[in-house]
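Reviewing the structure listed below.
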Amino acid sequence: MSADRRSIAADDMDTLRRALLLGAIVGPAAFGRARAQGTFPERPLRLIVPYPPGGGTDAFGRRVAARLGQELGQRVVVENKTGAAGVVGMLELLRARPDGYSMVFGGASTHALYPLIFAKPQYDPVEDFVPVALVGANTVCFMARNGVATDLPGLLAEARRLPGQLRFGSPGAGTFVHLAGEYLLHAAGRVEMLHVPYRGNGPAMVDLLAGNIDAVADTIVSGLPHHQEGRVRMLAVASLRRSPLAPDVPTVAEVLGLPNFETSLWSLLAVRRDTPAALVAALHAAARKALEATDFQAELRAAGIEPAPVMSPEEVGAYVRAEQAKWRPIVEATGVRME
């Protein structure tokens, strides 16, 4: 063999060795990616609920996790990561791998109110996360102690007569239901009532039953037993339609002539923004199938939750931005700010 031919053969062998080495490195990774995308999910998933166990949002999240697990063919395990008004749970997701196996059960507080209320936000709900699906909403209601008013116009009339003297309670300053109460007062003509913050719905209801405060903003599920027992009066719900759980209670729109008044404690599923689009699509498809099932819709409504209309992830993102725009003037008017 000539020197030139030996040189060409050596070059060919070097090229072959480099190709084999590259294949050894890239091949398994590419195969792994294709396999993961083709069979997702291969193991249990987790749903981070950024609120304590036992509450309404936790119960809602567990219902969604159970049904989503059925649709995906894998268990969806709920993990409660609580603290800092939901911030701890949201940051937990940002620390997770963007592989579709970790989701967060966020909502109105974590996605709409958080960037408006906190002086130094630790995450951006639009830029850092991508929605998977809007899943539903807890109906907000307004209740009063016995003796102060028999209907919502009566309560507001009394508040106008005694500006700043009637007291309304909430689970805490800056919480969604606190701002729902402020929204009502704002929409009714900037009526003045003194806000009394509590550490949760329970203590606020105890003080309402004791007559220490005059009204509360709450979810219908929490307040309904007390209303049914006649211990307090549920004056109105903040949905556009009456709740099937309390058909005797009118809507705010009915009694105040505010046809567009609506405020609901909505919830969504979200993942990290850098999660591959194919995995987001797979999770969305499972959530959509669950939300379109009539038996699951009935289960949610029986728990006081209105199932969300099916939206694409892009439509949910637009909804979140619209909710932020809706709440911005209310937050500015109340001056609520948290460090």
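Annotations for the structure displayed:
- Only one of the numbered conditions (1) out of contact with any helix residue (DSSP H, G or I) (no Cβ under 8 Å at 6 or more places or on another chain); (2) within 15 Å of residue 267 (Cβ to Cβ) is violated by residue 311, and that is (1).
- Matching residues, the range 203-220, being without any contact (Cβ under 8 Å) to a residue 60 or more places away in the chain and open to solvent by less than 10 Å² (accessible area, probe 1.4 Å): 204
- Check on residue 242, assigned to a helix (DSSP H, G or I), within 21 Å of residue 184 (Cα to Cα) and open to solvent by 70 Å² or more (accessible area, probe 1.4 Å): no
- Extreme residue, nearest to the chain's Cα centre (by Cα), among residues of the range 281-296 that are open to solvent by less than 50 Å² (accessible area, probe 1.4 Å) and not aliphatic (A, V, I, L, M): 284
- The condition of being under 15 Å from residue 64 (Cα atoms), among the acidic types (Asp, Glu) and either in contact with a strand residue (DSSP E or B) (Cβ under 9 Å, 6 or more places away or on another chain) or free of Cβ contacts under 8 Å to residues at least 24 places away in the same chain (or both) holds for only one of 323, 339, 306, that being 306.
- Selection within the range 122-153 - surrounded by 15 or more Cβ atoms within 10 Å (Cβ to Cβ) and free of Cβ contacts under 8 Å to residues at least 40 places away in the same chain: 123
Residue-wise test of (1) charged (D, E, K, R); (2) under 18 Å from residue 196 (Cβ atoms).
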{"site": "221", "(1), (2)": "no, no"}
{"site": "226", "(1), (2)": "no, yes"}
{"site": "231", "(1), (2)": "yes, no"}
{"site": "241", "(1), (2)": "yes, no"}
{"site": "252", "(1), (2)": "no, no"}
{"site": "255", "(1), (2)": "no, no"}
{"site": "261", "(1), (2)": "no, no"}
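- Of all residues in the range 245-280 being among the small types (Gly, Ala, Ser) and touching a Pro at 6+ places or on another chain (Cβ under 8 Å), the one that is surrounded by the fewest Cβ atoms within 10 Å (Cβ to Cβ): 253
The values are calculated or read from the model by the stated rules, or taken from the named source; none is laboratory data. Note that this is a predicted model, so its numbers are computed, not measured. Cβ atoms come from the backbone with ideal geometry, glycine included; neighbour counts cover every protein chain shown. Accessible surface is based on the protein model in full, side chains and every heavy atom, while ligands, DNA and RNA are left aside. Shrake-Rupley method; radii C 1.70, N 1.55, O 1.52, S 1.80 Å.
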